[in-house]
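Note sheet for the following structure.
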Ligand SMILES: [Zn+2]
């Protein structure tokens, strides 16, 4: 499967979410790598969570990431967010690039917290920043939410 994003033409991806169609497509090779499958599936599910999260909470999460960027925090909690964060560091500073980074970081953070995986080489954000993100997710999702 290849990315449909024209700026990433030809970039291999393992999964894609089609929010309007309510579909997630996964590469069948992921069945051989259960931990990757779990991380990627939960990441994709969090794209649907992001859609339903609402602007106030999306802005809150963005502000959390802006604090990290301002403090020079390196690393991320998944490959997708890492790639988007690198693009920001390379002066790709369009609003769209920032929003994509925030969304991918949200989804990777959700996968990190809820996929039931203990370690991943793609989790490179320092522990102090990880704790802040975990606290934010725990607070936001402490109470059941309407879909
Ligand atoms: Zn994603």
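Given the conditions (1) surrounded by fewer than 18 Cβ atoms within 10 Å (Cβ to Cβ); (2) in a helix (DSSP H, G or I); (3) in contact (Cβ under 8 Å) with a residue 24 or more places away in the chain, which single one is not true for residue 138?
(3)
Out of the residues in the range 47-70 that are under 18 Å from residue 83 (Cα atoms) and touching a residue at least 60 places away in the same chain (Cβ under 8 Å), state the one that is nearest to the ligand (Cβ to nearest atom).
Selected residue: 47.
Of all residues in the range 68-88, which are out of contact with any helix residue (DSSP H, G or I) (no Cβ under 9 Å at 6 or more places or on another chain) and in a helix (DSSP H, G or I)?
70, 86
Considering only residues that are farther than 11 Å from residue 78 by Cα and surrounded by 14 or more Cβ atoms within 10 Å (Cβ to Cβ), which ones fall in the range 114-129?
114, 115, 117, 129
Just checking, how many residues over the range 105-116 are within 14 Å of the ligand (Cβ to nearest atom), in a helix (DSSP H, G or I) and within 13 Å of residue 39 (Cβ to Cβ)?
6
In the range 18-36, how many residues are more than 15 Å from the ligand (Cβ to nearest atom), part of a helix (DSSP H, G or I) and under 27 Å from residue 139 (Cα atoms)?
Residues flagged as more than 15 Å from the ligand (Cβ to nearest atom), part of a helix (DSSP H, G or I) and under 27 Å from residue 139 (Cα atoms) within the range 18-36 amount to 1.
Being surrounded by 18 or more Cβ atoms within 10 Å (Cβ to Cβ), out of contact with any strand residue (DSSP E or B) (no Cβ under 7 Å at 6 or more places or on another chain) and not in a loop (DSSP other than H, G, I, E, B) is true for just one of 98, 58, 132. Which residue is that?
Of the residues listed, the single one that is surrounded by 18 or more Cβ atoms within 10 Å (Cβ to Cβ), out of contact with any strand residue (DSSP E or B) (no Cβ under 7 Å at 6 or more places or on another chain) and not in a loop (DSSP other than H, G, I, E, B) is 98.
Answer yes or no as to whether residue 106 is modelled with pLDDT of 95 or more and in contact with a helix residue (DSSP H, G or I) (Cβ under 9 Å, 6 or more places away or on another chain).
Against the criterion (modelled with pLDDT of 95 or more and in contact with a helix residue (DSSP H, G or I) (Cβ under 9 Å, 6 or more places away or on another chain)), residue 106 qualifies.
For the range 30-46, what are the residues that are surrounded by fewer than 18 Cβ atoms within 10 Å (Cβ to Cβ), touching a helix residue (DSSP H, G or I) at 6+ places or on another chain (Cβ under 9 Å) and touching a residue at least 12 places away in the same chain (Cβ under 8 Å)?
30, 38, 41, 45
I'd like to verify a number: residues in the range 73-87 that are surrounded by fewer than 17 Cβ atoms within 10 Å (Cβ to Cβ), within 15 Å of the chain's Cα centre (by Cα) and at negative phi, how many?
Count: 2.
The values are calculated or read from the model by the stated rules, or taken from the named source; none is laboratory data. The shown structure was predicted, so the numbers you read here are calculated from the model rather than taken from an experiment. FYI the Cβ positions are ideal-geometry reconstructions off the backbone, even for glycines, and counts take in every protein chain you see.
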